[in-house]
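Down below is the structure, laid out as structure tokens.
The values are calculated or read from the model by the stated rules, or taken from the named source; none is laboratory data. Since we're looking at a predicted model, the values are computed, not measured. Note: ideal-geometry Cβ built from the backbone for every residue, glycine included; neighbour counts use all protein chains shown.
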Amino acid sequence: MALTLIAVVLSLVLGHVAPGLVAWRGYGWFTAWLKRLGQWLGDQDVWRGRFGLAIGIGLPVLAVAAIQWWLRDRYYGLPLFGFSLGVLVMSWGPRELDLDVDAVVEARDPAARRAAAAALFPEGGEPVLEGPALVEAVFRCALWRWFGVLLWFLTLGAAGAIGYRLAALAAQGRAQSLLPQAQGVAAKEFLALLNWPVAHLMTFTLALAADFDSVLAAWRDWHAQGGWRLDIGFLGAAARASVVCELGEEEAYAGDGPAQAPALLELRDAMSLVWRILLLWLAVLAIFVIAGFVN
């Protein structure tokens, strides 16, 4: 687990010191794999049904899991560390969230700001430059780019990281267009299942990193409205409540009194809260390693 923590930290560092990694995270091999499967199995029920997703995603994940198992006890774990680090770096992102947020904040005009904000709305549609929408977009991207990969990497190793990334691509990326309709629906359901525990852990950590009462109230109110059990809308509600609370404290400290915060201030604070969540996750993992609870 200590090597796992080091791999996570290194993947964060490499994403900033080596921007060329974004090109390496293109996943062209995955779309080529799905195209080839469509050519081989396109007319067969085993591919066109929802369980065909187990072929498109399952076989690459099984290959990674097999290599992970084969390397597990070799040379003091160093080959497994190098392999896991490579898979984690490839699965992270693919773009660096904080750099995309900085691009929106630092844009010189509305047109440039809207173009930069498009990176925060990868699911399609026009980017919305209003504060609440930007806050939700930052937390959605944080889940897809960072925390989903991180949790499943900590749980299942390299196979978990690549499995989450391929599921996300199949559910909302360009790879989805290559899948039969039934598989596209199954991919969305599978991604929702993977995201559900991640979103809850993010919300719990947000309560510790920000105002506990406001986060808990937002989470409780959202569920009281009868939200679907695998819907992660509670994360956006908690994020908006936390940002409002953060900005209220800043204004009170400045002595300006309550005021409506500009959208860019909300965006900035949302990114700050995401960093706090990540640091708390890494701190807890480090405590477990130091205390000897995990190897």
Test TRP33 against the stated conditions and say whether it is aromatic (Phe, Trp, Tyr) and touching a Phe, Trp or Tyr at 6+ places or on another chain (Cβ under 8 Å).
no
Is one or more of the residues making up region 73-90 without any contact (Cβ under 8 Å) to a residue 12 or more places away in the chain and of a type in the set (Asp, Glu)?
yes
Every residue from region 203-217 that is under 21 Å from the mean Cα position of the chain (by Cα) and of a type in the set (A, V, I, L, M)
LEU206, ALA207, LEU208, ALA209, ALA210, VAL215
Name the pairs: first residue in region 103-130 and among the aromatic types (Phe, Trp, Tyr), second residue modelled with pLDDT of 85 or more and assigned to a helix (DSSP H, G or I), Cβ to Cβ under 7 Å, at least 6 apart or on different chains?
PHE121/ALA137
Could you please give the count of residues in region 184-199 that are buried (at least 24 other Cβ atoms within 10 Å of the Cβ) and over 16 Å from CYS141 (Cα atoms)?
1
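Could you list all residues from region 131-147 that are among the aromatic types (Phe, Trp, Tyr) and in contact (Cβ under 8 Å) with a residue 60 or more places away in the chain?
Result: PHE139, TRP146, PHE147.
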Restricting region 13-58 to residues that are closer than 30 Å to ALA291 by Cβ and touching a residue at least 12 places away in the same chain (Cβ under 8 Å), the one surrounded by the most Cβ atoms within 10 Å (Cβ to Cβ) turns out to be GLY15
Exactly one of ALA167, ALA133 is closer than 17 Å to ALA192 by Cβ and either touching a His at 6+ places or on another chain (Cβ under 9 Å) or at pLDDT below 95 (or both), and that residue is ALA167
Among the residues of region 99-120, how many are surrounded by fewer than 16 Cβ atoms within 10 Å (Cβ to Cβ), assigned to a helix (DSSP H, G or I) and of a type outside the set (Lys, Arg)?
8
Name the residues in region 136-175 that are farther than 24 Å from ALA54 by Cβ and touching a Leu at 6+ places or on another chain (Cβ under 7 Å), would you?
ALA137, VAL138, PHE139, CYS141, ALA142, ARG145, TRP146
Residue under evaluation GLU123, criteria (1) at pLDDT 90 or above; (2) within 19 Å of LEU235 (Cβ to Cβ), criterion not met:
(1)
